[in-house]
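What follows is a set of notes on a single structure, which appears directly below.
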Amino acid sequence: MEKKNVILSLYPTTKLLMILLIAVSVFIIPSYLYAYAMFLVCLVIAAMGNVTKEFANLTIKGLFSLCILIFVLQSFFYPGTHVLWEWGFLAIKQEGIHFGLTLTSKVIAVGSSLILFFRITPVKDFVYSLEVMGLSPKATYVVLSTLTIIPEMKKSSQVIMDAQKTRGVETEGSLMVRLKALLPMITPLVLSSVASTEERAMALEARAFTVNKRKTSIYSIEKTGRDSFIRVLLLVLLILLIVWRVAL
Amino acid sequence: MKRGLKHDFSLIAIMLIPIGVGLNVAIAQLVQILRLPIWLDAIGTIVAAMVAGPWVGLVTGGSTNLVKSIFTPTELPFALSSMAIGFTVGMLSKKGMFKNFGKTIVSCLIVTVIAVLISTPIIVWVYGGISGSSASAMTAVLLASGQRLVQAVITSMGLLELIDKSTSVILAYIIVNKMSDRYLSKHNYTQSFIKSNKKSKVA
């Protein structure tokens with residue numbers, strides 16, 4: 001079912017090129033209207049890939065709140081002379097609003113394209129395509145195991161916290177009390193996870209991880225004709241953008 | 001013992017990279033649960049760099065921000081500063097700057113200076129001075145009182161980074177000293193942490 005989706009079934013590096021074009025084009029075309037339009041483009045692609053909900057969720061939580069903050073503060077504090085509105089020492093300046101719009105539009109365009117990329121591309125596929133291009137399997141291991149270790153570690157930190165609480169470590173109260181709780185929380189977490197690296201290293205060594213031979217993969221994804229078509233299309237778009245910029 | 005870019009990435013050092021990234025994220029979350037006013041989001045990087053050297057530290061710092069940027073892309077530019085922190089701590093460890101507590105305090109200052117030097121241009125150029133962290137409120141206050149942008153960012157970042165990075169480095173120092181000699185001896189940069197070495201010097 002997933003394979004049939006127009007966007008999701010593309011080869012990872014094709015998706016990457018697509019996202020890169022969106023992100024880079026923001027710097028080719030300086031207008032902030034264009035950059036905000038790129039956010040809409042990302043939204044459309046997200047809708048085509050059936051990931052609108054997650055995409056919207058992450059952009060609103062991660063990007064919009066920050067951008068509103070940047071925009072408000074810039075419009076107040078950016079040096080300028082065209083004062084639009086004044087109250088006490090606070091003054092909104094036209095230059096500030098313009099700078100705020102330009103800046104936030106770029107942050108939103110680049111940020112949302114990055115979010116989009118990881119919504120439509122499973123990290124496994126992305127790393128696989130990099131390995132085909134010649135990335136060392138060690139790097140692949142680092143990326144993939146990091147992604148599995150993080151949730152595991154969050155869980156074990158919760159367990160350690162509960163364990164230390166039952167042993168009488170105070171986790172609520174004044175700042176000093178909470179600071180003191182830090183060391184008994186962190187130490188077991190670090191020591192236990194670091195100790196596990198030894199076992200992991202031995203387990204991988206036993207499976208010939210460090211052998212200098214080409215490794216085969218049980219997982220594979222293929223490029224299709226559509227990928228080359230979209231790549232050519234992207235190249236044409238890039239040239240058009242540059243021409244547009246130079247002509248203007 | 002051979003050190004350097006080619007020799008640093010032994011298998012056990014590579015295993016440390018995901019652990020370091022995981023620790024960064026998990027400890028940052030713990031700090032949030034404890035409602036502490038600092039981030040402590042680099043302890044994993046610092047531990048990895050202390051034990052396995054500058055290059056592993058650099059990669060750990062960089063991958064931390066890459067992984068974070070999957071969910072919050074605004075973290076991506078700060079990969080540079082994380083990488084610099086990892087590299088600096090690794091170099092300090094190589095030079096034996098974590099041999100005792102006094103030297104560790106000096107290292108804290110060096111790490112803070114590097115962190116501020118790298119983060120300030122990123123905050124100013126990429127985000128126009130406001131990065132949405134707790135330092136931003138202070139930056140805004142300083143801006144309102146008439147300070148220039150770069151100065152305001154350096155002041156607010158400097159103060160917060162000093163507290164944050166010093167706490168991180170000291171915590172990492174305490175923790176690495178608690179690791180067993182047997183484990184430490186497998187890494188290239190741990191001479192100053194191994195207890196049997198310390199005792200023989202005293203005697």
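The values are calculated or read from the model by the stated rules, or taken from the named source; none is laboratory data. Here the structure is a predicted model, which is why all the values come from computation and not from measurement. Cβ atoms come from the backbone with ideal geometry, glycine included; neighbour counts cover every protein chain shown.
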Q. Tally time: how many residues in segment B:55-88 are at pLDDT 95 or above and in contact with a Lys or Arg (Cβ under 7 Å, 6 or more places away or on another chain)?
A. 0
(Q) Out of everything in segment A:178-223 that is farther than 30 Å from B:Thr167 by Cα, surrounded by 13 or more Cβ atoms within 10 Å (Cβ to Cβ) and not aliphatic (A, V, I, L, M), what residue ends up being farthest from the other protein chains (Cβ to nearest Cβ)? (A) A:Lys223
Q.
Exactly one of these conditions fails for A:Lys155: (1) charged (D, E, K, R); (2) surrounded by fewer than 17 Cβ atoms within 10 Å (Cβ to Cβ); (3) in the same structural domain as A:Thr13 (by TED's automatic domain parsing). Give me its number.
A. (3)
**Q.** Single residue of segment A:90-139 satisfying the filter (touching a Pro at 6+ places or on another chain (Cβ under 6 Å) and among the polar types (S, T, N, Q)) that is nearest to A:Leu16 (Cα to Cα)
**A.** A:Thr121
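This table checks each residue for (1) under 18 Å from A:Val190 (Cβ atoms); (2) at the interface with chain B (Cβ under 7 Å from one of its Cβ atoms).
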| residue | (1), (2) |
| --- | --- |
| A:Ile150 | yes, yes |
| A:Lys154 | yes, yes |
| A:Asp162 | yes, no |
| A:Glu170 | no, no |
Q. Does B:Ala172 qualify as being modelled with pLDDT of 90 or more and within 14 Å of chain A (Cβ to nearest Cβ)?
A. yes
Q | Check on B:Ser82, under 27 Å from B:Val124 (Cα atoms) and in a helix (DSSP H, G or I) | A | yes
Q. Among the residues of segment B:120-133, is any small (Gly, Ala, Ser), out of contact with any His (no Cβ under 8 Å at 6 or more places or on another chain) and part of a helix (DSSP H, G or I)?
A. no
Q) Within segment B:64-90, restricting attention to residues that are of a type in the set (A, V, I, L, M) and in contact with a Gly (Cβ under 8 Å, 6 or more places away or on another chain), which residue is farthest from the other protein chains (Cβ to nearest Cβ)? A) B:Ala84
